[in-house]
């Protein structure tokens, strides 16, 4: 039992030590890049008229697969880079490789910021924009009934 506590203690100490030392910039760069990607993905969804990511993911079983693939595409590479950077840190600073610690750091640097920004924060931004600036103007969609009345379509 004592060896398990020693292992957990060492792991926690090593996780907290990542804020200093070599490659500590990744703890700022990764969440920033992931945030930018999440905002871009949200804006793309808004342009395409798709529902807000987290709400649709939770409430629409039919959309979950598409949303999961979209999210995986958006942050998959960043998650892989976070894993590589943390592995490099471990080899340089610790002289060993701890896969559990790598996954914890990669999830905290890539996955958590992505879903926080893409979900609740972008929902709040969307609501504030609607409240302060009014609903964005969208061009009216032409229907076949409009074409039958002799109206010009652009």
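Can you confirm whether residue 103 is touching a residue at least 40 places away in the same chain (Cβ under 8 Å), closer than 18 Å to residue 11 by Cβ, surrounded by 12 or more Cβ atoms within 10 Å (Cβ to Cβ) and out of contact with any strand residue (DSSP E or B) (no Cβ under 9 Å at 6 or more places or on another chain)? Considered against the rule, which asks whether it is touching a residue at least 40 places away in the same chain (Cβ under 8 Å), closer than 18 Å to residue 11 by Cβ, surrounded by 12 or more Cβ atoms within 10 Å (Cβ to Cβ) and out of contact with any strand residue (DSSP E or B) (no Cβ under 9 Å at 6 or more places or on another chain), residue 103 comes out as no. When you scan the stretch 51-58, do you find a residue that is more than 24 Å from residue 8 (Cβ to Cβ) and under 10 Å from the mean Cα position of the chain (by Cα), even just one? No, the stretch 51-58 has no match at all. When each of 112, 34 is tested for being within 16 Å of the chain's Cα centre (by Cα), in a helix (DSSP H, G or I) and surrounded by 15 or more Cβ atoms within 10 Å (Cβ to Cβ), the lone residue that passes is 34. Name the one entry in 56, 93, 62 that is touching a helix residue (DSSP H, G or I) at 6+ places or on another chain (Cβ under 9 Å), farther than 23 Å from residue 121 by Cα and surrounded by fewer than 18 Cβ atoms within 10 Å (Cβ to Cβ). Within the list 56, 93, 62, the selection yields 93.
Which residue out of 15, 67, 27, 5 is part of a helix (DSSP H, G or I), under 24 Å from residue 120 (Cα atoms) and either out of contact with any helix residue (DSSP H, G or I) (no Cβ under 9 Å at 6 or more places or on another chain) or touching a residue at least 60 places away in the same chain (Cβ under 8 Å) (or both)? On inspection, the qualifying residue turns out to be 27. Apart from one condition, residue 120 fits all of (1) more than 30 Å from residue 7 (Cα to Cα); (2) modelled with pLDDT of 85 or more; the exception is (2).
I'd like to check something: does the stretch 82-95 contain any residue that is closer than 15 Å to residue 37 by Cβ and either assigned to a helix (DSSP H, G or I) or at pLDDT below 80 (or both)? So far as the stretch 82-95 goes, yes, one or more of its residues are closer than 15 Å to residue 37 by Cβ and either assigned to a helix (DSSP H, G or I) or at pLDDT below 80 (or both).
The values are calculated or read from the model by the stated rules, or taken from the named source; none is laboratory data. As the structure is a computational prediction, the values presented were derived from the model and not from experiment. Counting neighbours? That spans all protein chains shown, and the Cβs are built from the backbone with ideal geometry, glycine included.
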